[in-house]
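The values are calculated or read from the model by the stated rules, or taken from the named source; none is laboratory data. If you're wondering where the values come from, they're calculated on a predicted model, not measured in any experiment. FYI the Cβ positions are ideal-geometry reconstructions off the backbone, even for glycines, and counts take in every protein chain you see.
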DNA sequence: TAACGGTGGTTGAACTCTCAACACCAGCGG
DNA sequence: CCGCTGGTGTTGAGAGTTCAACCACCGTTA
């Protein structure tokens, strides 16, 4: 385990460029969302995914998967959103363990109010500063990284029969 | 302000690819750092920047800038790192307002212990899954996004004489 | 020297996230 | 019918972040 493949000087520059941009931009977009709409980006993502689901409702576990959050985080987040009157929790029919989370009219209105500012921020800082070629490359890069994370989870699950494989988001 | 330039279907796919990858990867690398070294990525970044500074020490404000964190966050973080014995705070000479933060030997040892696992994770999920062309593109993309964020700050400062321009990281 | 706006840094409260239990139920095998 | 394993979702405590004051000090100006 001592033969670490350290980063070359050029690799370090690439890694720093990636890290700086993603950290700074995610901070920027999160701050924009909090200031203009009073919720963090993670909550906005939950509302978006709900709004795109059939009947604007989703099982908690599915909602956790698509909104890129852990189950525990989703539980806390939905509790907060419910206090705002933006979502409702109802028992799932057919499985007395499960719950479905449904977007309310107020929640949809809050989402509609938040969307313009969010989209404008994304356009200004991503689509307006990158060339079409860079955007295509960005898609490929994102998919490659996501695929790499998924295959690591699969590999960990396969070779690790002792459970607890730490691969939830 | 009603003419929002919404995202096309293809733009939405690109944005989703970017968002999924960055959120999932940052969660992954943060979890790796917490499990293996007991500190979040933000703290590791602080130690790294300190270790690269002359005499392994830096003014608080400079440290905040290079480690991509707000002043408040850095204050709390350095307080925690100081409790671990990994950094020390000393008054800055020449300016009785300021403080310099210095990496201790224990802090350097903690950084050296954390680095291999961190670098391995970065290599496996970035450099091993992307082509040389994609890596070059990733650097350009990161620099373009960072530049866009900086120019927005400059523009906001220029046209906004009422102060409070919200451009700290 | 006294006032004053600007900078450096801290603090505390509220909020969000993570982690490790925990409760509950489904499905299956004895 | 009971136990057992696994999946669903929640809870509470602790850690980390944000935001809005706040204090102390600098440099400038009157």
Residue among A:41, A:33 that is more than 13 Å from residue B:149 (Cα to Cα), in contact with a helix residue (DSSP H, G or I) (Cβ under 8 Å, 6 or more places away or on another chain) and within 11 Å of chain B (Cβ to nearest Cβ): A:41
Subset tally (residues that are farther than 15 Å from residue B:45 by Cβ, near DNA strand D (Cβ under 9 Å from one of its atoms) and either within 14 Å of chain A (Cβ to nearest Cβ) or in contact with a strand residue (DSSP E or B) (Cβ under 6 Å, 6 or more places away or on another chain) (or both)) for the range B:72-89: 1
Which numbered condition residue B:103 misses (of (1) in contact with a strand residue (DSSP E or B) (Cβ under 7 Å, 6 or more places away or on another chain); (2) within 11 Å of DNA strand C (Cβ to nearest atom)): (2)
Enumeration of residues in the range B:117-135 that are farther than 13 Å from residue A:145 by Cβ and within 19 Å of the chain's Cα centre (by Cα): B:117, B:118, B:119, B:120
Identity of the residue in the range B:11-25, more than 7 Å from every other protein chain (Cβ to nearest Cβ) and in contact with a helix residue (DSSP H, G or I) (Cβ under 9 Å, 6 or more places away or on another chain), that ends up surrounded by the most Cβ atoms within 10 Å (Cβ to Cβ): B:19
Filtered residue count, the range B:17-46, keeping only those that are touching a residue at least 12 places away in the same chain (Cβ under 8 Å) and within 15 Å of DNA strand D (Cβ to nearest atom): 13
Hits in the range B:54-71 (condition: away from DNA strand D (no atom under 13 Å from the Cβ), in contact with a helix residue (DSSP H, G or I) (Cβ under 9 Å, 6 or more places away or on another chain) and touching a residue at least 40 places away in the same chain (Cβ under 8 Å)): B:56, B:57, B:58
Residue B:56 more than 10 Å from chain A (Cβ to nearest Cβ) and touching a strand residue (DSSP E or B) at 6+ places or on another chain (Cβ under 6 Å): yes
Odd one out for residue A:49, checked against (1) over 24 Å from residue A:129 (Cα atoms); (2) within 18 Å of the chain's Cα centre (by Cα); (3) surrounded by 16 or more Cβ atoms within 10 Å (Cβ to Cβ); (4) touching a residue at least 24 places away in the same chain (Cβ under 8 Å): (4)
So residue A:37, is it surrounded by 14 or more Cβ atoms within 10 Å (Cβ to Cβ) and within 13 Å of DNA strand C (Cβ to nearest atom): yes
Hits in the range B:90-125 - residues which are within 7 Å of chain A (Cβ to nearest Cβ) and in contact (Cβ under 8 Å) with a residue 12 or more places away in the chain: B:122, B:125
Single unsatisfied condition, residue A:133 versus (1) surrounded by 15 or more Cβ atoms within 10 Å (Cβ to Cβ); (2) within 14 Å of another protein chain (Cβ to nearest Cβ): (1)
Cβ-Cβ under 7 Å pairs, at least 6 apart or on other chains, the range B:141-169 side more than 11 Å from chain A (Cβ to nearest Cβ) and in a helix (DSSP H, G or I), far side modelled with pLDDT under 95 and within 16 Å of DNA strand C (Cβ to nearest atom): B:156/B:165; B:156/B:167; B:157/B:165; B:157/B:167
Identity of the residue in the range B:64-79, within 19 Å of residue B:95 (Cβ to Cβ) and within 8 Å of DNA strand C (Cβ to nearest atom), that ends up surrounded by the most Cβ atoms within 10 Å (Cβ to Cβ): B:64
